[in-house]
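> Sharing a structure, written as structure tokens. Questions coming.
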Amino acid sequence: MNAIDDLFIQLRSEGRKALMPFITAGDPDVEFTGELLGELARRGCHLCEIGIPYSDPVADGPVIQASYTRALEGRVRLHAILDMLGKVASQVATPLVTMVSYAIVYRQGLEQYADTARQRGIAGLIVPDLPAEEASALATVCKARDLSLIHLVTPTTPRDRAVRIAEASTGFLYYVSITGITGERTELPPELLENVNWLREQTDLPICIGFGISRPEHVRQLSPVADGLIVGSALVRRIATVGKKPRDQVVREVGDYVSTLLAALAE
Amino acid sequence: MKSASAQNPSPPPVANQVPDAQGRFGDFGGRYVPETLIHALDELTEQYDQARHDTQFQAELEDLWKNYVGRPSPLYFAKRLTDLCGGAQIWLKREDLNHTGAHKINNTLGQALLTLRMGKRRVIAETGAGQHGVATATACAHFGLDCVVYMGAEDIRRQAPNVFSMKLLGAEVRAVSCGSQTLRDAVNEAFRDWMGSVDTTNYILGSAVGPHPFPRMVRDFQSVIGRETIAQCRDQLGRLPEMVVACVGGGSNAAGMFFPFLEHTEVKLVGVEAGGRGKQPGQHASPLCLGQPGILHGSFSYVMQDADGQTSDVHSLSAGLDYPGVGPEHSYWKKIGRVQYDNLGDDQALAAFDTLARLEGILPALESSHAVARAMELAATLKKSEVLVVCLSGRGDKDAAEIARLKAERKEGGP
């Protein structure tokens, strides 16, 4: 059993929901990312999603794009990121999931990337530019290594297709709340709850909702229908203040912010 | 009636071997995009498949090509250029004489008609040299569609006349200031717009790149170039040429020129990439000659990447060729050996620009100047009885100011 499967079995048995923060690896450097992941685990986050910076991300809004640019301008290398994640994984129980472009996975070689991820204790992959039709080769590679390959369903996904995607996904299903790129939104679409509820009836897989979520009221609104919530740009925006503020202060502020979301989740 | 077949080209070939239903040209192509866009790409594929077999759609497009664009574009014998090179007869397929000054309009009219067919009223596009932006803005003005064009800030600087034209045509030009501020970043930004606007907006992609169905669709719309060339060669020369040369950035003019020639295996096809300032990474834009297969902008094709898979910076003085990727069908043609791909540097392209201007009275686009330069070299190796056709994909008026600046920089003095 994969660490992500274990986690959701346990959370479901306790009637609890997961909070999954997203941060960009190497923003502004890998040491800071490692330190911050430790803090997120200490605060009680259930999984952590780590964005591998990519030069041409088309699904990301300005905040996450800028974090990728900062990381790449710092000349962060993939092996340094994976080594750092290996160190973190040996120190915390929180499952780590990489969000990584297929451009990067393909360039390493599918087996090579999966082997390294497995060796570093990474539990799963989200590959945002790899739709289900193109994913069979990577799915086979991941399955052989007990890595979760998490697929996405969006508001534009037709329902019969959503069912097929749910069947292909492992670990959990990532439901994208909005039609658009990543970034904080004041309000979430009214049909979101209904869509997730419908999806819930089609699959036993845990469903985590991401894109646009940043406020405690979002957490209160969505946690009843989801198994987990993913928060990215709101953290990354705070991380962008490194350099203007001392590092330990930014770590504390991000931790405090995550704690307010965790509190809303526990209500 | 002169050259009936050139004036009424046959419709695009229906039974193509590639791509397959997944948009694969052999190993290349496919769809590597966020799930949000899959439904729109499926819809576009379906609409295009219907339109391809719809005689009314084809008739409407051919009427626009003839009466709005001015097709067929002439096939012109460049006598003084031929004499200079001392080898094969050099003929120019004059896409520069199209309305808006390049081949791009062939495709944008087709995709704009599809936009109407889908009931969408807003269009987005990316542009490098600005030719596709102008051609999209033109098609949108013609059909009364809203138009937003994404363009890298560096390209806005070096292709100012086209920016002005787009605005005059009623399009909104949005500067892209992230990354390399060139075509590649304009494509990213157009995709990001589409992620949020996909319900109401159609993305008119300008080259034979991107996720399925774009590479195939753009190739088909541009294939009018090759079909006319074949008809004109038969009409004006009584036979097909020995060689056809076209420049390759994303590769739409080359795809459209080469595709109808594929079955004529006796005709040698040569694609010319931008060699920039040299073979070192970052100094050129030659993924087919110097890159390796990888993923960029939704398809699997040759690309310039570093060892981690990050897209590399590229260089060409020509904004339209300054792109780290290439259409997947070109990768396929390279693999099966049907097309030869060469590259050629900034200096040679500039020299060919001057030569064509002075010997033939034609200012070629800097993109097309690459094809002219390589054609001059190749013609010299052929017999005088042989024929070489160059796709003169666009005119160079847009480049005049940038060329003056480059010449001043190189202390050659102004033109």
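The values are calculated or read from the model by the stated rules, or taken from the named source; none is laboratory data. Every value quoted in this text rests on a predicted model; they were computed, and no experiment measured them. Backbone-built Cβ (ideal geometry, glycine too); neighbour counts: all protein chains shown.
> Could you grab me the full set of residues in segment B:300-313 that are modelled with pLDDT of 95 or more and either in contact with a Gly (Cβ under 7 Å, 6 or more places away or on another chain) or in a helix (DSSP H, G or I) (or both)?
B:Phe300, B:Ser301, B:Tyr302, B:Val303, B:Met304, B:Gln305, B:Gly309, B:Ser312
> For a quick check of your reading: which strands (runs of 3 or more DSSP E) sit entirely within segment B:133-206 and have at least 3 residues that are at pLDDT 95 or above, under 18 Å from B:Thr108 (Cβ atoms) and in contact with a helix residue (DSSP H, G or I) (Cβ under 8 Å, 6 or more places away or on another chain)?
Where strands (runs of 3 or more DSSP E) fall fully within segment B:133-206 and carry at least 3 residues being at pLDDT 95 or above, under 18 Å from B:Thr108 (Cβ atoms) and in contact with a helix residue (DSSP H, G or I) (Cβ under 8 Å, 6 or more places away or on another chain), they are B:146-152, B:201-203.
> Among the residues that make up segment B:366-384, is at least one of them within 27 Å of B:Gly29 (Cα to Cα), surrounded by fewer than 19 Cβ atoms within 10 Å (Cβ to Cβ), of a type in the set (Lys, Arg) and in contact (Cβ under 8 Å) with a residue 40 or more places away in the chain?
Checked against the condition, which is being within 27 Å of B:Gly29 (Cα to Cα), surrounded by fewer than 19 Cβ atoms within 10 Å (Cβ to Cβ), of a type in the set (Lys, Arg) and in contact (Cβ under 8 Å) with a residue 40 or more places away in the chain, segment B:366-384 yields no hits at all.
> Could you give me the residue pairs with C-beta distances under 6 Å whose first residue belongs to segment B:21-43 and is more than 7 Å from chain A (Cβ to nearest Cβ) and assigned to a strand (DSSP E or B), whose second residue is surrounded by fewer than 24 Cβ atoms within 10 Å (Cβ to Cβ) and hydroxyl-bearing (Ser, Thr, Tyr) wherever it lies, and which are 6+ apart or on separate chains?
These pairs meet every condition: B:Phe25/B:Tyr332; B:Phe28/B:Tyr332.
> Kindly indicate whether B:Arg405 is in a helix (DSSP H, G or I) and over 20 Å from the mean Cα position of the chain (by Cα).
yes
> Find the residue count for segment B:283-299, including only residues that are surrounded by fewer than 24 Cβ atoms within 10 Å (Cβ to Cβ) and either at pLDDT below 95 or part of a strand (DSSP E or B) (or both).
Total satisfying the criteria: 3.
> Is it fair to say B:Ala274 is modelled with pLDDT of 95 or more and surrounded by fewer than 24 Cβ atoms within 10 Å (Cβ to Cβ)?
No; evaluated as a whole, the condition is false for this residue.
> Can you name the residue in segment A:154-178 that is facing another protein chain (nearest Cβ under 10 Å) and over 18 Å from the mean Cα position of the chain (by Cα) and is also surrounded by the fewest Cβ atoms within 10 Å (Cβ to Cβ) among such residues?
A:Pro158
> Report, by residue number, each residue of segment B:194-222 that is charged (D, E, K, R) and within 9 Å of chain A (Cβ to nearest Cβ).
The answer is B:Asp199, and nothing else.
> For segment A:41-80, enumerate the residues that are part of a helix (DSSP H, G or I), facing another protein chain (nearest Cβ under 10 Å) and buried (at least 24 other Cβ atoms within 10 Å of the Cβ).
Residues satisfying the conditions are A:Gln65, A:Tyr68.
> Take the conditions of a type in the set (Asp, Glu), over 28 Å from B:Met151 (Cβ atoms), modelled with pLDDT under 95 and surrounded by fewer than 24 Cβ atoms within 10 Å (Cβ to Cβ) and apply them to B:Glu360. Does it pass?
no
> Could you tell me which numbered condition B:Thr229 fails, if it satisfies all but one of (1) among the β-branched types (Val, Ile, Thr); (2) within 21 Å of the chain's Cα centre (by Cα); (3) at pLDDT below 95?
That leaves (3) as the condition not met.
> Just name the residue that is nearest to A:Leu85 (Cα to Cα) out of those in segment A:103-133 that are surrounded by fewer than 19 Cβ atoms within 10 Å (Cβ to Cβ) and within 14 Å of another protein chain (Cβ to nearest Cβ).
Selected residue: A:Thr116.
> Which residue pairs have Cβ atoms under 6 Å apart, sit 6 or more places apart or on different chains, and have a first residue in segment B:165-192 that is more than 9 Å from chain A (Cβ to nearest Cβ) and a second that is of a type in the set (D, E, K, R) and assigned to a helix (DSSP H, G or I)?
B:Val176/B:Asp185; B:Val176/B:Glu189; B:Gln181/B:Glu154; B:Thr182/B:Glu154; B:Thr182/B:Asp155
> Filter segment B:362-391 for residues that are assigned to a loop (DSSP other than H, G, I, E, B) and over 23 Å from the mean Cα position of the chain (by Cα) and give the result.
B:Thr381, B:Leu382, B:Lys383, B:Lys384, B:Ser385, B:Glu386
> Every residue in segment A:134-148 that is touching a helix residue (DSSP H, G or I) at 6+ places or on another chain (Cβ under 7 Å) and either charged (D, E, K, R) or surrounded by 14 or more Cβ atoms within 10 Å (Cβ to Cβ) (or both), please.
Residues satisfying the conditions are A:Ala135, A:Leu138, A:Ala139, A:Val141, A:Cys142, A:Arg145, A:Leu147, A:Ser148.
> Would you tally the residues in segment B:189-210 being polar (S, T, N, Q) and under 18 Å from the mean Cα position of the chain (by Cα)?
1
> Tell me which of these B:Asp342 doesn't satisfy, since it passes every other one: (1) in a helix (DSSP H, G or I); (2) under 22 Å from B:Arg277 (Cβ atoms).
(1)
> Can I ask one more? Just to be sure I understand, how many residues within segment B:226-256 are hydrophobic (A, V, I, L, M, F, W, C) and in a helix (DSSP H, G or I)?
The qualifying residues number 5.
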